[in-house]
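Novice: I'd like to ask you about the structure that follows.
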Amino acid sequence: MSPGRKRVGADRRRLLGGLAGFAATAYVRPAAAADYDVAVIGAGLAGLTAARRLRELGRSVVVLEARDRIGGRAVTDRAALNTPIDLGAGWLHSADENPFVPVLQAMGTTLVEDPLETYISIEGREVDTADYRRFDQIVEDAYAAIGDATEGGADQPVGRVLKSSDRLTALAQRLLGPVSAGVELGALSAADLSAQIATGVEFLVPDGLGRAVASFGSGVTVRLSSPVSRIDRRGRTLALTTPNGVISAGRAIVTVPPAVLNAGRIVFDPPLPPAHQAALGGFGAGLVDKIFLRFERDMFGLAPLTALRAVTRTGQMLDGVVNLFAEPVAVMFAGGDLAWDLERQGREAAIAWALDGLVDLFGGELRRAYQRGVATAWGADPWASGAYPIVRPGRAPAREALAQPVDDRLFFAGDAVVPGWAGQLPAAYLSGMAQAEAAARA
Ligand SMILES: Cc1cc2nc3c(=O)[nH]c(=O)nc-3n(C[C@H](O)[C@H](O)[C@H](O)COP(=O)(O)OP(=O)(O)OC[C@H]3O[C@@H](n4cnc5c(N)ncnc54)[C@H](O)[C@@H]3O)c2cc1C
């Protein structure tokens, strides 16, 4: 998600307490016949964290990963634009409270604070100081209105809470929905948004956050290119079907995104209990794609890492960051309906959309200085099926419901199940840790 979130009645302790509560269940040794004590499905941050913790707890673990790499939605590309670019997670949000930050610091990872510089332009002209102030105020007011609307646990679509009167308001309000959650405001749960932690302190990793996650998991043995297609829990041990054979384990931790589960890519036999099916039904997929463009030199005249919020002369809304780590590279975010639409049109169309927008704002010279681009397509990726696990309005409790164990041997972890950090690396890290402890003691 992008920077700009604010704390609105977050209750992090409640959730962490809830997850930690699993650890109290009685210890029973897994059935002796299993190949492994625990199978971890998925080698994103949640799976890597769970595997590390289980190993610390002395359990035998197998990690089964569908892709030919680890890291999941945290991945750095170094080759395409000659500089590290994070195709998935890029920011350590709320870095002063983010539990993954101390882990990276202990690994010696270089972190830099996002200066949070912003350039706002409407129809090709930078707005005046009063409008900069008004922009911030609109975002503040939006969070306050959402906080009020969700008092006492009520929920409704954010789009019903907020009224947009002009282009600056629409531009600012987009930050809450399409840009940071990957859904339009009408599909965004106000209750879920109000549970988010956001302190306004943002860190970045110049060498790549995806690379840092891979390095965190480098000591974990992972079976790559091993998608799990079936989890059979009819017998005394769990049987997991992969293209390379069936693996048995006493427990399993599923870290696969809900959208992938909802697409039916893993068959549960017997089917999941009704409460888990209902929880999964509460999830949708938020989509944000990143479009990176490299120019031969600085074309913006803006400070490194300046966030761009703009409405072009043709009415196109543009959000992104220019001069990434002082390189002549820009990243534009396409979120919500626009992102699905651009994925249908193809990566070249997405790159053209971003370049056209920037040319409208900064002039035709930009097109001549353009060298090459990279566009992600997280929606079409079968092992992600979107960027963020969003919950539909009225379904915010789905996150904690999915985190409940099934028969004390099937556990769900990942960025979907921790409300305060939903759709972010800390959720993956915390739930991986908590579910590993629960699985070890179950
Ligand atoms: C464009 C984008 C921008 C983002 N920006 C940020 C950000 O700035 N800050 C932030 O904190 N977060 C951000 N996120 C979210 C962050 O990437 C996720 O929260 C985090 O990576 C989730 O980790 P996870 O382990 O829960 O899931 P994943 O990383 O999705 O890992 C799940 C793993 O399961 C694997 N898998 C799927 N199906 C199967 C199967 N059937 N069998 C075996 N393996 C399977 C997948 O290949 C994957 O490796 C962003 C995400 C995207 C896409």
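What follows is calculated from the coordinates using simple rules that are stated; it is not laboratory data. Just so we're clear, the structure is a prediction, and the values are computed from it rather than from any experiment. Cβ: placed from backbone, ideal geometry, glycine included. Neighbour counts: every protein chain shown.
Novice: All other residues with a Cβ under 9 Å from the Cβ of ARG313 taken together, and with Lys, Arg as +1 and Asp, Glu as -1, what is their net charge? Please report the intermediate quantities before stating the final value.
Specialist: Numbers: positive: none; negative: GLU123, ASP360.
Spelling it out: positives minus negatives among the neighbours equals -2.
Novice: Given a 10 angstrom Cα cut-off, can you work out which residue in ALA154, ALA350, ALA413 is the most mobile in a GNM of the chain?
Specialist: Maximum among the listed residues: ALA154.
Novice: Among 396-404, 258-266, how do they line up from the highest to the lowest mean number of other beta-carbon atoms within 10 Å?
Specialist: Peptide ranking by packing, descending: 396-404, 258-266.
Novice: Highest GNM mean-square fluctuation, the chain, Cα pairs closer than 10 Å: which of ALA310, ALA46, ALA145?
Specialist: Looking only at ALA310, ALA46, ALA145, the largest GNM fluctuation is found for ALA145.
Novice: At 7 Å along Cα-to-Cβ for each site, give me the label-to-label distance between ALA130 and ALA79 in nm.
Specialist: 5.4
Novice: Using a Gaussian network model on the chain with a 10 Å cutoff between Cα atoms, which of GLY414, GLY281, GLY90 fluctuates the most?
Specialist: Among GLY414, GLY281, GLY90, the largest mean-square fluctuation in the Gaussian network model of the chain belongs to GLY281.
Novice: I need to check one value: relative contact order of segment 126-223, counting alpha carbon pairs closer than 8 Å and at least 6 residues apart, in percent. Intermediate values should be presented prior to the final figure.
Specialist: On the way: 68 pairs, mean separation 26.5, N = 98.
Worked out over segment 126-223, it gives 27 percent.
Novice: Sorted by packing (mean other beta-carbon atoms within 10 Å per residue), highest first, where do 420-428, 271-279, 56-64 land? Working shown, then result.
Specialist: Values: 420-428: 26.9, 271-279: 14.8, 56-64: 18.1.
Packing order, densest peptide first, comes out as 420-428, 56-64, 271-279.
Novice: Roughly what % of Cα-Cα distances in the chain sit above 32 Å, to the whole percent? Please list the in-between numbers first.
Specialist: Numbers: 35073 of 97461 pairs.
Pairs farther apart than 32 Å: 36 percent.
Novice: With an 8 Å cut-off on Cα pairs and a minimum separation of 6 or more residues, tell me the relative contact order of segment 224-277 in percent. Mind showing how you got there, number by number?
Specialist: Details: 63 pairs, mean separation 19.1, N = 54.
The value is 35 percent.
Novice: For Cα pairs less than 8 Å apart in space and 6+ apart in sequence, what is the mean separation divided by the residue count of the chain, i.e. the relative contact order in percent? The partial results should precede the final answer.
Specialist: Working: 1021 pairs, mean separation 118.6, N = 442.
It rounds to 27 percent for the chain.
Novice: Considering only segment 157-273, what is the antiparallel percent among its DSSP beta bridges, to the nearest 5?
Specialist: Numbers: 9 of 12 bridges.
So the antiparallel bridges amount to about 75 percent of the total.
Novice: Work out which helices of the chain, taken as complete DSSP H runs, extend at least 27 Å along their axis over the Cα atoms and score a mean Kyte-Doolittle of -1.0 or more, then list them.
Specialist: Details: long enough: 129-149 (30 Å, -0.41).
In the chain, the long hydrophobic H runs are 129-149.
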